[in-house]
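Derivation of every value follows stated rules applied to the coordinates shown; laboratory data play no part. Everything quoted here is computed from the prediction, not taken from an experiment. Here Cβ is always computed from backbone atoms with ideal geometry, including for glycine, and neighbour counts include all displayed protein chains.
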Amino acid sequence: MGVARQVRRLIKVIGELEHVERLNPESRGVPEATMVSDGSQLQIPRVDFRGLSPSSPGGDRWGAAREEAMSALDSFGCFEAIYDAVSSDTNDDLFLRALPELFELPTETKMRNKYAGMPYDGYIGQIPNLAFDSLRIEEPLSLHTVQQFTSLMWPDGNPTFSNAIGTFAKQVQELEHMVVRMILQSMDVEKYYDSLVESLTHGVRMSEYGIPFDQETKLSLNEHVDPTMITIVTQYLVDGLEVQTRDGKWIRVESQPNCFNVMLGELFRAWSNGRLHAPLHRVRVTGDQTRYSLIFGCRPKDEIMFEGPKELIDEEHPLRFRPCKYPEYIRFRYSAEGVKLEDPLQAYLGVEEQQVDARMPSAK
Ligand SMILES: O=C(O)CCC(=O)C(=O)O
Ligand SMILES: [Fe+2]
C-alpha cells in the first residue's frame, strides 16, 4: 500500500473509530452498571415476540407487546426482544463455528472486506491497543452478496457460513419489520409502513472483542449512537453491551438465549421528528472470554431523500431535522469535524427555529 493510501486509511479508521478512541484520560474510571435500591441491577425491559408474525400485525398479544416495546423505547431507546425464530442450531453455527473461523483468517484476507462507497463499511481492525476486529456484509438478505463475501474470505466456499448468515438475516429482518410496524402504529402513521420498509437497506457487522488492553476501564468500544434507523444486536454467551439511560446511568445488557437487543439509531430519531430516542451505548468485556456479536442494522437506501411524515410535524412539534440523503449525512458524520461532535445529527440536519417557521407550510 502506498504511503498516501496508508495515511488515508489511518485517518479513516481514526475517524470511524472516534467513538472508540474518545476515551477521556481524566476520567479513566468507568461507572459500573447501575444498581437499583433493592440491590439488583437496573434492566432493559424484555418484550416477548414469540408467536408474533409480521404478516398478522394485530390482536391482543400484538397490542400488549407493542405497548411494552413502546414504553421501553420511550424510556431507554431500546428493549430486549425475546424471539425464538433464530434456531439454536443457527446460533451455534454462527457463534461457535462461523465467527471464530472468520476472525482466525489472516489479516490480509479480512482486509479484502471493503466497499467502494461509505466510510465505516468494511473491515476494521489492527488498531493499536484495541482488541477489536470487525467485518461487515452489505445487504445480507441477498444470497448473492453473502456468497460474494464468503468467497472473498474462503475462495473454496464456506456453505455453513453463508447459510447461517443468510438465515439469521432473514429472521432478524422479520423482527425488525414487526418493530417498525409497531412504532408506526403507535405514532398513527402506519400508512407509511410499506414505503418506509421499501426505502431501507441492511448491513450486518460481525465483531470480535478480545480481552481489553485497558483493564482499568475494560472498554472495548466507546460510547456512541448508531447512524441507523434500527440496530439489532445479538450477543451470545458472553455479555458486553451496555446502554445509557436518559439520565446518564449505564445498564449492562445480559445475554440470554433467544434475546435480541433492539435499539433505535439516530435516523429514526430524525424520521420521527425527534419523538424517538436513540441511546448511547458501548461495549465492555469484563471477563476472560472472547466475545462475538452480530449487529444487524437498517438505514435508508443511498438514493432516498429521508424525511419523516408530515403528520409528525405540527405547532407543538415543529420540524426538527431537514430531509437528507444518507451518503451526504454519513460523509459529514465521519468527517474530521463530524466525529468530534456529540450530536452530529443535530449539528448537520437540525433545523434552527427561524428556519422552522419558514419551512412549516411546505414541510412534507
Ligand atoms: O457488539 C455490540 O454489542 C455492539 C456493537 C456496536 O454498538 C456497534 O458496532 O455499533
Ligand atoms: Fe453501536
Nitroxide proxy distance, nm - points 7 Å out along Cα→Cβ at residue 97 and residue 67: 4.4
task: Would you mind checking the radius of gyration and Dmax of region 177-285 based on alpha-carbon positions, in Å?
output: 15.5, 50
- line: Under the 7 Å Cα-to-Cβ spin-label approximation, residue 343 and residue 84 lie apart by a distance in nanometres of 4.2
task: Considering the options 228, 154, 83, tell which one lies farthest towards the positive end of the dipole of region 48-303, charges being +1 on Lys and Arg and -1 on Asp and Glu at the Cβ, about the Cα centre.
output: 228
- request: Would you list the P(r) distribution for the chain, with all Cα-Cα distances sorted into 10 Å bins from 0 and each bin expressed as a whole %?
  value: 5, 24, 34, 27, 9, 1, 0
message: Show me the ranking of peptides 142-155, 195-208 by mean Cβ neighbours inside 10 Å, starting with the highest.
response: 195-208, 142-155
- prompt: Given only helices, namely DSSP H runs of n ≥ 4 each adding -39500 (n - 2.57), what is the per-residue ellipticity at 222 nm of the chain, to the nearest 500 deg cm²/dmol?
  reply: -9500 deg cm²/dmol
- line: For 178-191, 72-85, ranked highest to lowest by mean beta-carbon neighbours within 10 Å, the order is 72-85, 178-191
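Any chance you could run the full-extension gain for residue 129 through residue 314? It's 0.36 nm times the residue separation minus the Cα-Cα distance, nm to one decimal. Display every interim value, and only then the final one.
On the way: separation 185, 0.36 × 185 = 66.60 nm, distance 4.87 nm.
Taking residue 129 through residue 314 to full extension adds about 61.7 nm, to one decimal.
Under 29 Å between C-alpha atoms is the cut-off here; go through region 174-322 and count lysine pairs that meet it, provided they're at least eight residues apart or on different chains. All intermediate terms of the calculation are to be shown ahead of the outcome.
On the way: 191/301; 191/310; 218/249; 301/310.
The result is 4.
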